[in-house]
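Trainee: Have a look at the structure that comes next, please.
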Amino acid sequence: MFALIKIEWLKIKKYPAFWWMLGIVALTYPGTNSMAYVGYLKATTGKALSNNLAKMFLGNPFAFPDAWHSVAYFSSFFILLPSILVIMMVTNEYTFRTHRQNIIDGWSRSQYITSKLFDVLIISVIVTLVYVLAAAGFGVYADSSSVNRWTEGLQYIPLFLLQTFAQLTIAFLLGYLIKKAFIALGIFLFYYLIVENIAVTYARFKMNDIGRFLPFEMSDRLIPAPPFFSRMGKDAKEAYTRLIGLIPEHVVYTIVLTILIWIICYAIHKRRDL
């Protein structure tokens, strides 16, 4: 197992797109949260009544312990970026026929899929580390007096990791099945950005929220909107409380779906003509 991890890491680190995408993620996660933080400062800084009301209403979503939740939520919008990288990596295996070379070199078919699983896991861990650094940085910078509460809300770290791994797994499945980067990326973006969002919104109002069982929405529910959204009225508070209560349920759904996808990949590769 460790040999496979080492081999895949050696392959990944020599892939220029990996470093470019990592650099983009390293800029996007702090950048997106910085824009949200600047918006928060504009709303709450000043002596006007509106500023004081906003500060009382919002609290400080970027100080500990809320920083873990808020930064995870805003960062989760851009899991799309490493997903693109995963699709490019798996489709390149077929473009350059390196998947055949692995088998020629003595790998079993199951070892090949295991190596791809490690690829997805490695990228997920790295992306999660970027999120952790960003959240920790905001937590300290936004309010240094809250540092003693940094251990509260740490559950959002494994939740973010699970969400990332689950969604990258879906991206891998699409790239693995289609094999063509351009087509796979087109289908992925169309479904991720348009189809599922429309379906989830429609289902929320017309179909008793059945859209929460769609592939990406299932893991999106692991990290609901930050607590300050719950202060927008009684209905918002009830909705927030309900979503928080459903997190354990969606952890189970997400894990089951992710395991099922990898089982499907192992089964297909066992029979696929290389």
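The values are calculated or read from the model by the stated rules, or taken from the named source; none is laboratory data. Just so we're clear, the structure is a prediction, and the values are computed from it rather than from any experiment. Here the Cβ positions follow ideal geometry from the backbone for every residue, glycine too, while neighbour counts run over all protein chains shown. Only protein heavy atoms, including side chains, enter the accessible area calculation; ligands, DNA and RNA are left aside. Shrake-Rupley method; radii C 1.70, N 1.55, O 1.52, S 1.80 Å.
Trainee: Roughly how many Å² is the accessible area per residue of the chain, as a whole number, for a 1.4 Å probe?
Mentor: 52
Trainee: Less than 27 Å apart at the alpha-carbon level, and either on another chain or at least 8 residues along: which lysines does that give for K55?
Mentor: Within the straight-line limit of under 27 Å, K55 reaches these lysines: K42, K47, K234, K237.
Trainee: Taking the highest mean first, how do the peptides 169-180, 188-199 order by number of other beta carbon atoms within 10 angstrom per residue?
Mentor: 169-180, 188-199
Trainee: Shape of the range 120-274 from its Cα gyration tensor (a ≥ b ≥ c, root eigenvalues): rounded if a/c is under 1.5, otherwise prolate when a/b > b/c, or oblate?
Mentor: It is oblate, given that a/c is not under 1.5 and a/b is not larger than b/c.
Trainee: Let me ask another. How big is the Cα convex hull of the chain in projection, averaged over all directions, in nm²?
Mentor: The number I arrive at for the chain is 16.2 nm².
Trainee: Let me ask you something else. If I compute solvent accessible area with a 1.4 Å probe over the protein chains, what percent of it on the range 58-183 is carbon and sulfur?
Mentor: 67
Trainee: So, by mean Cβ neighbours within 10 angstrom, what's the order for 245-252, 121-128, 9-16, 108-115 with the highest one leading?
Mentor: 121-128, 108-115, 245-252, 9-16
Trainee: Past 21 Å, Cα to Cα, is the threshold; run K11/K270; K116/K180; K13/K270; K11/K179 against it and keep the listed order.
Mentor: Violating the 21 Å limit, Cα to Cα: K11/K270; K13/K270.
Trainee: Calculate, for F77 and M56, the FRET efficiency according to 1/(1 + (r/R0)^6) with r their C-beta to C-beta distance and R0 22 Å; round to the nearest 0.05.
Mentor: Calculated transfer efficiency: 0.20.
Trainee: From the C-alpha coordinates alone, can you work out the Kirkwood hydrodynamic radius of the range 84-167, in Å?
Mentor: It is 15.4 Å.
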